[in-house]
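Read-outs throughout are calculated quantities, based only on the coordinates presented, and are distinct from any laboratory measurement. Note that the structure is predicted; figures quoted are calculated from it, not measured. Here the Cβ positions follow ideal geometry from the backbone for every residue, glycine too, while neighbour counts run over all protein chains shown.
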Amino acid sequence: MDGQTRSNINIGAEVDIVLKKDQRSGALTRGKVKDILTKSPNHPHGIKVRLEDGQVGRVKQIHP
């Protein structure tokens, strides 16, 4: 599932995000969603979330 639609993402979901510092390389960071930061229903670069460990980035992949 892609991370561009806010309704696809739930608190506690396991996701891969791209951190701001990794935008050039595209390196992914995996974690569980603590907060959904993007207010709009869609975002072309991915919904911005905060993981349980405090890292913030845009969702690229949602894991079942």
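May I ask you to order 1-8, 18-25 by the average number of other C-beta atoms within 10 Å around their residues, highest value first?
Most protected by this proxy first, the peptides run 1-8, 18-25.
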Practice problem: Quick one: what are the phi-derived ³J(HN,Hα) couplings along the range 45-54, Karplus 6.51/-1.76/1.60 with θ = phi - 60°, whole Hz, x for glycine and proline? | Solution: 9, x, 6, 7, 9, 10, 7, 4, 8, x
Quiz item: For residue 13, what charge total do you get from the other residues with a beta carbon under 15 Å from its beta carbon, if Lys and Arg give +1 and Asp and Glu give -1?
Solution: +2
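Starting from the Kirkwood radius over alpha-carbon pairs of the chain, derive D by Stokes-Einstein at 10 °C in a medium of 1.306 mPa s and give it in µm² s⁻¹.
Translational D for this selection: 143 µm²/s.
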Practice problem: With +1 on each Lys and Arg Cβ and -1 on each Asp and Glu Cβ, and nothing else charged, work out how big the dipole of the range 1-56 is about its Cα centre, in Debye to the nearest 20. | Solution: 220 debye
